[in-house]
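First comes the structure, then the notes that go with it.
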Amino acid sequence: QVQLVESGGGLVQAGGSLRLSCSNSGSAFRLNSMGWYRQGPGKERELVASITTGGTTNYADSVKGRFTISRDNAKNTIYLQMSSLNPEDAAVYFCNARYYSSDGFRRLLDYWGQGTQVTVAS
């Protein structure tokens, strides 16, 4: 039911900008938050930014002031505007959607997109 499709990745020069999009085909009902994670070569997947249904945002320290997460609730879509990109930002970026379970216990369940590659040329 929940399918996340990322787009917007590609090659950018250091110092440049890129905008990622993630479309969520699932219902917004029971949605807790959506966000972006990334995984660079040989590294663990890490949170980049997240946004709750209420609009509260959270950013990794490494991207504060450079990245902006936003949402379009009507389209159930989130975006990640990335600026001042550096080679350390190169990674596969994954869209995440976190839902409450429908069984009444309100457990949080994570869904993931397949990722979009961001390459930063130095």
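The values are calculated or read from the model by the stated rules, or taken from the named source; none is laboratory data. Model, not experiment: these values are computed from the prediction. We place every Cβ from the backbone using ideal geometry, glycine too, and count neighbours over all the protein chains shown. Side chains included, ligands, DNA and RNA excluded: accessible areas come from the protein's heavy atoms. Shrake-Rupley method; radii C 1.70, N 1.55, O 1.52, S 1.80 Å.
Here the extension length gained between Gln3 and Ala121 equals 39.4 nm, from 0.36 nm per residue of separation less the Cα-Cα distance. If you wrap the chain in the convex hull of its Cα atoms and look at it from every side, the mean projected area works out to 7.4 nm². Assuming charge only on the beta carbon of Lys and Arg (+1) and of Asp and Glu (-1), the dipole of the range 22-122 about its Cα centre is about 240 debye to the nearest 20. The packing ranking, built from the mean of other Cβ atoms within 10 Å per residue, places the peptides 57-63, 75-81 in the order 75-81, 57-63, highest first. For the range 19-36, the Karplus equation 6.51 cos²θ - 1.76 cosθ + 1.60, evaluated at θ = phi - 60°, returns couplings of 10, 9, 10, 9, 9, 10, 6, x, 6, 6, 5, 6, 6, 9, 6, 9, x, 10 Hz by residue, with Gly and Pro reported as x.
Cβ under 11 Å from Leu109's Cβ, Leu109 left aside: what net charge do those residues give with Lys, Arg +1 and Asp, Glu -1? With Lys, Arg at +1 and Asp, Glu at -1, the net is +2. Each residue, Gln114 and Arg66, gets one label point 7 Å from its Cα in the Cβ direction; the gap between the two is 2.8 nm.
Residues of the range 81-116 with an amide N closer than 18 Å to a point placed 7 Å from the Cα of Leu11 along the Cα-to-Cβ direction: 85-93, 116. A 1.4 Å probe run over the chain, with the rest of the protein chains in place, finds 54 Å² accessible per residue.
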